[in-house]
Amino acid sequence: MKRLVIAEIARADLTSIRRYSTRTWGPGADRQVHECLQDCLKALTRGTEFTRSRDDLWPRIRMATSGRHSIFFETDDAQVLVVRVLHQSMDYRRHLGATGEAADETN
């Protein structure tokens, strides 16, 4: 199993998603969205067969989908580095513009 590393900006994305879900649909929906995202993140550590390459957006970046959210990440033999978690309605190119810097800001 690979190690999961979440960049600081991706952590901020997850916090923002949780706040928005609570504010818009209430605590129950918040938990559901959070659990789905967490399940997808855990699945990435076991394999990425269910993901697709998005080299058109950023070199070596891959994308997984969880509900209406897209998880953007890079992977190697040892780890999965999550660089952004974005709603599907967002402009991926604009939000991934800082991905190179974001990947350096991991915890």
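Just so you know, all these numbers are worked out from the coordinates, no wet-lab data involved. Not measured: the values here are computed from a predicted model. Here the Cβ is made from the backbone with ideal geometry for all residues, glycine too, and neighbour counts use every protein chain on show.
Annotations
- Each residue of the stretch 80-95 is assigned a 3J(HN,Hα), and the resulting list reads 10, 9, 7, 9, 7, 10, 10, 5, 5, 7, 7, 7, 4, 4, 5, 7 Hz, derived from the Karplus form 6.51 cos²θ - 1.76 cosθ + 1.60 (θ = phi - 60°), x at Gly and Pro.
- Listed options for P(r) over Cα pairs in 5 Å bins from 0, in percent are [x] 2, 13, 24, 26, 20, 10, 4, 1; [y] 2, 12, 17, 16, 11, 9, 8, 6, 5, 4, 3, 3, 2, 1, 1, 0; [z] 2, 8, 9, 9, 9, 10, 10, 9, 7, 6, 6, 5, 5, 3, 2, 0. The value calculated from this structure is the one marked [x].
- Whether the stretch 1-40 is rounded, prolate or oblate, judged on the alpha carbon gyration tensor where a/c under 1.5 counts as rounded: oblate
- Positive-end extreme of charge dipole, the chain - chosen from H34, H69, T24 (charges on Cβ): T24
- At most 16 other Cβ within 10 Å, DSSP loop - trypsin sites (Lys or Arg not before Pro), the stretch 3-93: R60, R68
- Cα centre as origin, Lys/Arg/Asp/Glu Cβ charges: the stretch 3-103 dipole, Debye: 300 debye
- Net charge contributed by nearby residues that have their C-beta within less than 10 Å of T48 (K/R +1, D/E -1): +3
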